[in-house]
Ligand SMILES: C[S@@+](CC[C@H](N)C(=O)[O-])C[C@H]1O[C@@H](n2cnc3c(N)ncnc32)[C@H](O)[C@@H]1O
């Protein structure tokens with residue numbers, strides 16, 4: 001009896017660690033997406049972000065880094081309820097557009113409601129972070145907040161973010177810090193490891209900044225000069241996840257220009273590529 005109780009307690013601790021603290025990260029992307037879908041409606045209430053903090057740490061510095069580009073195109077990977085796009089749209093000097101990608105469908109649905117006032121400037125895409133269904137060198141900035149440690153392969157996710165980032169473009173990601181980092185061995189990185197990884201992928205001007213109690217911000221630039229033929233329309237950046245060809249918008253869906261794939265747009269406006 002005692003042994004059974006001890007085993008039950010150990011199982012409960014294990015499940016709490018895996019499903020609540022590590023948010024399913026060790027069980028793979030489907031479990032992570034399922035857990036986020038379960039909490040999507042309450043996510044913002046649980047997190048309690050404030051618009052002031054998000055403006056101070058995200059919206060103001062990121063929009064300032066984009067000031068040289070008229071109508072910049074930004075990609076927010078693992079957008080969740082689209083906190084980052086909202087922080088950017090709240091900045092009067094940001095005139096660009098955002099593609100917001102996530103693999104949890106209900107998180108995107110919640111995002112469409114929070115960012116409803118800016119619908120004409122945002123495209124939501126339901127797809128995993130690796131591979132990204134976008135052209136090379138397409139975005140002026142790529143962001144990925146509070147998400148890298150939940151992905152199957154952090155390095156592969158960063159490589160994808162950098163592939164779609166324009167030369168000279170800004171990459172903003174987060175690195176897990178604090179007590180939570182110790183609870184995710186093999187997933188969370190030390191500051192030094194994060195900095196070294198970004199540098200090993202060719203990023204320059206790598207700067208880590210203390211942000212929230214459980215995350216640091218990591219800013220870095222993709223080396224090279226901005227190409228003259230810039231994209232401003234998000235549709236031009238989209239690529240077929242199967243054959244990487246261009247997509248055309250036809251009758252409430254996107255059609256691949258090469259293979260017969262068709263990607264519908266949900267009633268809430270989310271482009272469903274999964
Ligand atoms: C903690 S939330 C962060 C959301 C948002 N970036 C923010 O800062 O509020 C993590 C998000 O990452 C998404 N995510 C996790 N793994 C993913 C993957 N492999 N591909 C795409 N999204 C993923 C989850 O669905 C969830 O919406």
- Note on the structure: Conditions (1) under 18 Å from the mean Cα position of the chain (by Cα); (2) under 25 Å from residue 105 (Cβ atoms); (3) without any contact (Cβ under 8 Å) to a residue 40 or more places away in the chain -> residue 194 fails only (2)
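Yes or no, residue by residue, for (1) over 14 Å from the mean Cα position of the chain (by Cα); (2) surrounded by fewer than 18 Cβ atoms within 10 Å (Cβ to Cβ); (3) in contact (Cβ under 8 Å) with a residue 60 or more places away in the chain:
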{"position": "40", "(1), (2), (3)": "yes, no, yes"}
{"position": "49", "(1), (2), (3)": "yes, yes, no"}
{"position": "53", "(1), (2), (3)": "yes, yes, no"}
{"position": "75", "(1), (2), (3)": "no, no, yes"}
- Residue that is nearest to the ligand (Cβ to nearest atom), among those in region 114-127 that are in contact (Cβ under 8 Å) with a residue 60 or more places away in the chain and surrounded by fewer than 24 Cβ atoms within 10 Å (Cβ to Cβ): 127
- Within region 98-110, residues crowded, with 22+ Cβ neighbours inside 10 Å and touching a strand residue (DSSP E or B) at 6+ places or on another chain (Cβ under 6 Å) come out as 98, 99, 100, 101, 108
- Query: Here are 236, 146, 160: which of them is part of a helix (DSSP H, G or I) and at pLDDT 95 or above?
  - Reply: 160
- Query: Within region 181-191, can one find any residue that is farther than 24 Å from residue 102 by Cα and outside any loop (DSSP other than H, G, I, E, B)?
  - Reply: yes
- Pick from region 19-52 the residues that are more than 8 Å from the ligand (Cβ to nearest atom) and in a loop (DSSP other than H, G, I, E, B): which of them is farthest from residue 274 (Cα to Cα)? 50
- Given the conditions (1) touching a helix residue (DSSP H, G or I) at 6+ places or on another chain (Cβ under 8 Å); (2) over 27 Å from residue 32 (Cα atoms), and given that residue 268 satisfies all but one, which numbered condition is not satisfied? (2)
- Selection count, region 86-101, where residues are within 10 Å of residue 59 (Cβ to Cβ) and within 12 Å of the ligand (Cβ to nearest atom): 2
- Task: Give the residue, chosen from 173, 142, that is crowded, with 16+ Cβ neighbours inside 10 Å, in contact (Cβ under 8 Å) with a residue 60 or more places away in the chain and under 14 Å from the mean Cα position of the chain (by Cα).
- Result: 142
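The values are calculated or read from the model by the stated rules, or taken from the named source; none is laboratory data. None of these values were measured; they are calculated from a predicted model. A quick note on method: Cβ atoms are made from the backbone with ideal geometry, for glycine too, and the neighbour counts reach across all protein chains shown.
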